[in-house]
Amino acid sequence: MSTPGFTGGTLDRADRLRNNAAALAAAFGDWRARLLVLGPGYEPQVTEDGRLAWTGLADADPDADLVLLGLDGDRPRFAQITNEAGGSPFRSPRLLGALGDMAPGEAATYAQARSVLDWHARHRFCANCGAPTAVIRAGWARRCGACAAEHFPRTDPVVIMVAEHAGRALLGRQPSWPPGRFSALAGFVEPGESVEEAVAREIHEEAGVRVRDVRYVTSQPWPFPSQLMIACVAVADDDALTLDRTEIAEAIWVSRDEVRAVLAGEEGPFLPPPPYAVARTLLEHWSG
Ligand SMILES: [Zn+2]
């Protein structure tokens, strides 16, 4: 099983510095400190050797707040809060190409930066009282100037899973996807629900299949804008399908041989998920 996309980052997140004013001032003043280069829509620049592009802090907007992403060795790495809202779920062809070009671990740093910057853009006002909030903890929280409530970057858990029955796995195609594109079913974990319960509920809601014996496989951050994808396998006793057509346009049961062939780039009953999607890692695990 390959390493899931957006994992394997090498920065030390350096939580110990975030509330230490002197250490933070030293990091801001460090001549080796670097600022992540991001274009509109949080698009990264990728160098020819697959690295994220960085620049000096002198290029930062003097009025903008910075997030301390962490330390590369002992060299501070920052990203600039741009309050660019609304870009969150958008993935341009250029961004998808850049993700494909990134060396292992670079996409993890990108995911960290993108998710936290996008969170700042959407949380400039207090959810408790509506007053403006200000950046604290080196960019890893915000505090309300009126009611003093503290707000922390959110991560939303999503379960993504295959049901298996008699040696075959259930894949679905969402109505918005192109013909032939199938992947594991997925859905948000709801308040008051375990991962196992969310897996069982989502498969039943979307495909009408009851499952048991949910097994965790792996996870990945998904920075569009801030999901944690929790990949699982579950056992179905029956392969009869009742699809929720608003969620799933088509569903198919595929064998391990079929999945292995598709992942190897051969013709098969479906088009595989991209390399940085945990659905691909999950299918590698299941078929391996
Ligand atoms: Zn408030």
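The values are calculated or read from the model by the stated rules, or taken from the named source; none is laboratory data. Quantities reported herein were computed from a predicted structural model and do not represent experimental measurements. When we count neighbours, we look across all protein chains shown, and the Cβ atoms used for this are built from the backbone with ideal geometry, even at glycine. When the accessible area is computed, the model is the full protein with side chains, heavy atoms only, and any ligands, DNA or RNA have been set aside. Shrake-Rupley method; radii C 1.70, N 1.55, O 1.52, S 1.80 Å.
For the stretch 125-246, build the convex hull from the C-alpha positions and give me its volume per residue in Å³.
147 Å³
Taking the stretch 134-170, which trypsin sites (Lys or Arg not before Pro) meet the DSSP loop condition and have no more than 16 other C-beta atoms within 10 Å?
ARG154
Rank by packing, highest mean first: peptides 218-224, 49-55, with packing defined as the count of other Cβ atoms within 10 Å averaged across residues.
218-224, 49-55
For the chain, what is the calculated [θ] at 222 nm in deg cm²/dmol (nearest 500), taking -39500 (n - 2.57) for each run of four or more DSSP H residues and dividing by its residue count?
Calculated from helices alone, the mean residue ellipticity at 222 nm is -7000 deg cm²/dmol.
Taking the Cα centre of the stretch 189-288 as the origin, how large is its charge dipole in debye, to the nearest 20, when only Lys and Arg (+1) and Asp and Glu (-1) carry charge on their Cβ atoms?
Taking the Cα centre of the stretch 189-288 as origin, the dipole is about 320 debye.
Among GLY145, ALA251, THR10, whose Cα lies farthest out toward the positive end of the dipole of the chain, if unit charges sit on the beta carbon of Lys, Arg (+1) and Asp, Glu (-1)?
The Cα lying farthest towards the positive end belongs to GLY145.
Averaging sequence separations of C-alpha pairs under 8 Å and six or more residues apart, then dividing by the length of the chain, give the relative contact order as a whole percent.
18 percent
Relative to the Cα centre, what is the charge dipole magnitude of the stretch 1-160, using +1 at the beta carbon of each Lys and Arg, -1 at the beta carbon of each Asp and Glu, and rounding to the nearest 20 debye?
440 debye
On the protein heavy atoms, probe 1.4 angstrom, tell me the percent of accessible surface of the chain carried by carbon and sulfur.
51 percent
According to the square roots a ≥ b ≥ c of the eigenvalues of the Cα gyration tensor, what is the shape class of the chain, taking rounded for a/c under 1.5, prolate for a/b larger than b/c otherwise, and oblate for the remainder?
Taking the square roots of the gyration eigenvalues as a ≥ b ≥ c, the chain is prolate.
Sorted by accessible area (1.4 Å probe), largest first, how do ARG16, ARG91 line up?
Reading off the accessible areas and sorting them downward yields ARG16, ARG91.
Could you point to the residue in GLY39, ILE136, ASN83 farthest towards the positive end of the chain's charge dipole, with +1 and -1 charges on the Cβ of Lys/Arg and Asp/Glu respectively?
Checked the options; the winner is ILE136.
Once you list every other residue whose beta carbon is under 13 Å from the beta carbon of ASP238, what net charge do they have if Lys and Arg are +1 and Asp and Glu are -1?
0
Return the loop-located GluC sites (Glu not before Pro) in the stretch 150-196 (DSSP other than H, G, I, E, B) with at most 16 other Cβ atoms within 10 Å of their own Cβ; answer none if there are none.
GLU193
At 0.36 nm per residue, minus the direct Cα-Cα distance, what do LEU228 and PHE152 gain on full extension? Give it in nm, one decimal, please.
25.8 nm
Hey, got the dipole for the chain? About the Cα centre, +1 on K and R Cβ, -1 on D and E Cβ, debye to the nearest 20?
Dipole of the chain, to the nearest 20 debye: 780 debye.
List the trypsin sites (Lys or Arg not before Pro) within the stretch 181-272 that DSSP assigns to loop and that have no more than 10 neighbouring Cβ atoms inside 10 Å.
Sparse-neighbourhood loop trypsin sites (Lys or Arg not before Pro): ARG245.
Considering the options PRO223, THR242, GLY208, tell which one lies farthest towards the positive end of the dipole of the stretch 205-248, charges being +1 on Lys and Arg and -1 on Asp and Glu at the Cβ, about the Cα centre.
PRO223
Net charge within 15 Å of PRO4 by Cβ-Cβ distance, Lys/Arg positive one each and Asp/Glu negative one each, not counting PRO4 itself?
Around PRO4, the surrounding residues sum to -1.
Solvent-accessible area per residue for the chain at a 1.4 Å probe radius, Å²?
Ligands and nucleic acids excluded, the figure is 48 Å² per residue.
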